[in-house]
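Asks: Handing you a structure now.
Just so it is clear, none of the values below were taken in a lab; they were calculated from the coordinates. Quantities reported herein were computed from a predicted structural model and do not represent experimental measurements. Cβ: placed from backbone, ideal geometry, glycine included. Neighbour counts: every protein chain shown.
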Amino acid sequence: MKTIAVYSVKGGVGKTTTAVNLAFAAAGSGSTLLWDLDPQGSATYLMQVKPKLRGGAQALVTGQTPVRGAVRRSAWETLDVLPADTTYRQLELTLDGAKKSERRVELTLGALDGDYEYVVLDCPPGSSVLARNVLRAADLVVVPLVPSPLVLRSLDQVLELVDDGDRPPRVLAFLTQVDRRKKAHREVAAELPVQRSQVADVAVPAAVVVERMGDHRAPLGSFAASTPAGLAYAELWRQVEKAARKPARH
């Protein structure tokens with residue numbers, strides 16, 4: 001089972017959009033679980049799953065609620081969802097007070113080992129106990145980057161957190177919300193993959209069709225696979241799958 005975390009220290013960079021589209025693409029390669037760890041529950045909504053978790057997030061991550069019983073079917077075959085509800089707002093406090101506080105996500109997923117080929121984690125932004133849980137559990141961290149003067153700082157902040165762990169996962173970043181009408185965006189898209197080995201040569205365009213995911217409550221691959229954004233996410237998955245199967249870092 002390969003665990004892929006979509007994470008950034010910044011908000012508004014398209015983490016949920018990325019997680020949903022990667023999970024859909026992964027489900028085409030094998031059974032996949034999308035775990036929505038964000039209290040906003042946007043991935044849960046897009047996957048057409050009810051945001052209801054018996055016992056709440058606290059019971060789930062402390063082992064009081066069996067994780068298999070919390071998993072829900074999505075509208076797509078081979079793609080399941082572990083939904084988020086409002087109790088995730090208190091997850092940080094729960095983790096901070098729990099035994100093995102930085103391993104609760106890893107231990108929760110351990111009960112599902114063998115059930116899925118891929119797990120995709122949709123993570124809220126920030127550097128927190130939850131972030132350290134996610135980075136410990138992940139085989140690969142996927143980092144969406146929006147072209148801006150601070151794009152390298154955003155990547156470096158993630159790399160600092162990753163390298164601070166005792167079992168650092170691999171990192172694969174990519175550019176998203178790219179507007180090729182803007183010279184600065186074109187330059188970043190051309191130069192950053194050359195400058196930084198962690199950055200994939202994939203640029204997801206800023207596009208109205210991405211916003212329509214909320215109207216369809218569906219990933220792009222299900223209704224707009226042949227659009228530039230749909231094709232970009234499909235290519236991103238090919239690179240993510242390859243990176244996730246490489247030996248772990250030491």
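Asks: If we sort 4-17, 203-216 on the protection proxy, mean other Cβ atoms within 10 Å, highest first, what's the order? Walk me through the intermediate numbers first.
Replies: Working: 4-17: 22.6, 203-216: 16.5.
Going from most to least packed, we get 4-17, 203-216.
Asks: Something else about it: Rg over Rh of region 2-244, using C-alpha atoms and the Kirkwood radius, what does it come to?
Replies: Radius of gyration over Kirkwood radius for region 2-244 works out to 0.95.
Asks: For ASP201 and LEU152 in one chain, what is 0.36 nm times their gap in residues minus the Cα-Cα distance, to one decimal in nm?
Replies: Details: separation 49, 0.36 × 49 = 17.64 nm, distance 1.54 nm.
Extra length from ASP201 to LEU152 when fully extended: 16.1 nm.
Asks: To the nearest 0.05, how large is the calculated FRET efficiency for GLU211 and ASP166 if R₀ is 45 Å and r is the Cβ-Cβ distance? Numbers along the way, then the final one.
Replies: Working: r = 40 Å, r/R0 = 0.89.
Calculated transfer efficiency: 0.65.
Asks: How much mean residue ellipticity at 222 nm does the chain get from its helices, if each DSSP H run of length 4 or more adds -39500 (n - 2.57) and you divide by all residues, to the nearest 500 deg cm²/dmol? Don't jump to the answer; show the numbers that get you there.
Replies: Numbers: 13 runs with 106 residues, N = 250.
Computed mean residue ellipticity for the chain: -11500 deg cm²/dmol.
Asks: Once you place label points 7 Å from the Cα toward the Cβ at ARG238 and ALA111, how far apart are they in nm?
Replies: 3.8
Asks: Now, a different point. Can you give me the Cα centroid spacing of region 122-140 and region 53-107 in angstrom?
Replies: A separation of 14 Å, based on Cα centres.
Asks: For the chain, set up a GNM with springs between Cα atoms under 10 Å and report which of PRO149, PRO124, PRO66 has the largest fluctuation.
Replies: PRO149
Asks: What residues have an amide H closer than 5 Å to that of LEU82, excluding those fewer than 5 places away on the same chain, when H is modeled at 1.01 Å from N in the peptide plane?
Replies: LEU34, TRP35, ASP36, ARG72
Asks: Among DSSP beta bridges lying fully in region 2-244, give the percent that are antiparallel, nearest 5. Present the calculation step by step, with values, prior to reporting the outcome.
Replies: Details: 2 of 29 bridges.
So the antiparallel bridges amount to about 5 percent of the total.
Asks: Given a Förster radius of 41 Å and the C-beta distance between ARG103 and PHE223 as r, what FRET efficiency does 1/(1 + (r/R0)^6) yield to the nearest 0.05? Working shown, then result.
Replies: Values: r = 38 Å, r/R0 = 0.93.
For R0 = 41 Å, the calculated efficiency reads 0.60.
Asks: Something else now. Using a cut-off of under 19 Å, list every residue of region 95-122 whose amide N is near the label point 7 Å from the Cα of ALA59 along the Cα-to-beta-carbon line.
Replies: Correct set: 95, 98-99, 105, 108-109, 111-112.
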